[in-house]
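Chemist: After the structure tokens below, expect a handful of questions from me.
The values are calculated or read from the model by the stated rules, or taken from the named source; none is laboratory data. This structure is a prediction, so every number in the text was calculated from the model and none was measured. Because the Cβ atoms are built from the backbone with ideal geometry, glycine has one as well, and the counts that use them run over all protein chains shown. We work out accessible area using only protein heavy atoms, side chains counted, and drop any ligands, DNA or RNA first. Shrake-Rupley method; radii C 1.70, N 1.55, O 1.52, S 1.80 Å.
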Amino acid sequence: AVHRFGSVRTKSQPKHMHRSQTRTLVRGQRSVHCCHEMIDDCLNNPIPRRVESQNSNMRTNKWIVVACLLLCLAASVDAFASSRGPPSPAVSRQDTKLYSDSFLDYLKWGGSEPEFDVLEKTKQYVREEGFVSFNLKKIPSDYYDDRYLFRGPIVGPINRKDLVETNSIFGLDKSFPDLKRETFGLCIDPDNPYRVLFFERWKATHTGEFNLMGLLKTDATQQKSISPAFPFSITWTPEGKIIYECLTTAVDRFEGTTKGKVAVFGLLETAGIPLENGVGNPFLRIGQKIGRFVNLPAQTYSREEDIPSWWKSSARAADPNDI
């Protein structure tokens, strides 16, 4: 299709497309257009006369072309996905309450009140050896509901089975044998009596080799790892089982020794493996989707058929929010 970026509509754009979808599509088209220009520039560079310089430039250009193509792919996928959906209706004042509701309200269990001490049960849970050391297979399985999910900024939704298997593959108990998850500030969410909010701070020393399936490997650095404080939440069912756990990023990214990274990514930073962990990063998202497609042993989110039906968001791993 021929694109005219100064115009509101492209030739291939439906007339009924909503304004927000138009902006997203045009941004994607601009990204693709810029990538095409970068690729053309790389391919049309004059070839130096000396053979050594020629080979070096060719290798460099190939890598730049590959990177640009991946960026084009991510931009095109976002633009296409945004353009496919129906236009969003205008929100009137009468509709404000409807649009403020979240699918997570399902976990409020119809406004009922717990028949057990949610706070005390959570305190008991976070004192479990497997929780404190982040060795998840050591936590008794009867804590969890069959519909359990975990979600972080760039991990999840992932069910309990996949989460424990991935945790075991990372082998952090060998790389950071003194790992301790410090929890503090536990309180009940005033909007949901089944949900407990608190903070965590991870402390550990990298005294053992880290080896993730031979793909990421590093010797012990003997460095101390102290993460910034970050929020965590646990939601229980009326039957007293954990159905949902969620964490998010640092309260203050300048605290600690992990350059603002928390949880596993903070440990990897200490081990000398500074992985990208930004929501929406196109290369991270493509890598995660490829890992899911080829079904690697360590996963960042579960297969569609293994995600409980109460989870309504279609965003996976590092995808931006869709709702």
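Chemist: Any chance the range 182-195 includes a residue that's outside any strand (DSSP E or B), more than 30 Å from G111 (Cβ to Cβ), of a type in the set (F, W, Y) and open to solvent by less than 20 Å² (accessible area, probe 1.4 Å)?
Modeler: The answer is no, given that none of the residues of the range 182-195 is outside any strand (DSSP E or B), more than 30 Å from G111 (Cβ to Cβ), of a type in the set (F, W, Y) and open to solvent by less than 20 Å² (accessible area, probe 1.4 Å).
Chemist: For the range 216-273, give me each residue that is closer than 25 Å to D189 by Cβ, surrounded by fewer than 17 Cβ atoms within 10 Å (Cβ to Cβ) and among the aliphatic types (A, V, I, L, M).
Modeler: V251
Chemist: Separate question: Report the residue count in the range 127-181 for those that are under 22 Å from R292 (Cβ atoms), assigned to a loop (DSSP other than H, G, I, E, B) and open to solvent by less than 30 Å² (accessible area, probe 1.4 Å).
Modeler: 6
Chemist: Next question. Just to be sure before I move on: is Y125 touching a helix residue (DSSP H, G or I) at 6+ places or on another chain (Cβ under 7 Å), more than 20 Å from W310 (Cα to Cα) and of a type in the set (S, T, Y) in the structure I sent?
Modeler: Working: touching a helix residue (DSSP H, G or I) at 6+ places or on another chain (Cβ under 7 Å): yes; more than 20 Å from W310 (Cα to Cα): yes; of a type in the set (S, T, Y): yes.
Criteria met by Y125.
Chemist: Here are the criteria: (1) modelled with pLDDT under 95; (2) within 16 Å of the chain's Cα centre (by Cα); (3) hydrophobic (A, V, I, L, M, F, W, C). Tell me which single one A317 does not satisfy.
Modeler: Unmet for A317, out of (1) modelled with pLDDT under 95; (2) within 16 Å of the chain's Cα centre (by Cα); (3) hydrophobic (A, V, I, L, M, F, W, C): (1).
Chemist: Now for a separate question. How many residues are under 14 Å from the mean Cα position of the chain (by Cα) and assigned to a helix (DSSP H, G or I) if we restrict to the range 283-308?
Modeler: Adding up the residues that qualify gives 9.
Chemist: Does T249 fit the bill of being among the polar types (S, T, N, Q) and closer than 25 Å to N321 by Cβ? Outline the logic, then answer.
Modeler: Working: among the polar types (S, T, N, Q): yes; closer than 25 Å to N321 by Cβ: yes.
The answer is yes for T249.
Chemist: Related question: Only one of L296, L267, L275 is within 25 Å of R201 (Cα to Cα) and at pLDDT below 95; which?
Modeler: That would be L275, the only listed residue that is within 25 Å of R201 (Cα to Cα) and at pLDDT below 95.
Chemist: Let me ask another. State whether one or more residues within the range 105-120 are open to solvent by less than 60 Å² (accessible area, probe 1.4 Å), of a type in the set (D, E, K, R) and not in a helix (DSSP H, G or I).
Modeler: No, the conditions are met nowhere in the range 105-120.
Chemist: Give Q124, Q94 a once-over and let me know the one that is at pLDDT below 95, open to solvent by 30 Å² or more (accessible area, probe 1.4 Å) and either touching a strand residue (DSSP E or B) at 6+ places or on another chain (Cβ under 8 Å) or of a type in the set (S, T, N, Q) (or both). Talk me through it step by step, then tell me what you get.
Modeler: Details: Q124 fails: at pLDDT below 95.
None of the other options fit; the residue is Q94.
Chemist: Next up: In the range 185-206, is there at least one residue being among the small types (G, A, S) and modelled with pLDDT under 95?
Modeler: No, the range 185-206 has no match at all.
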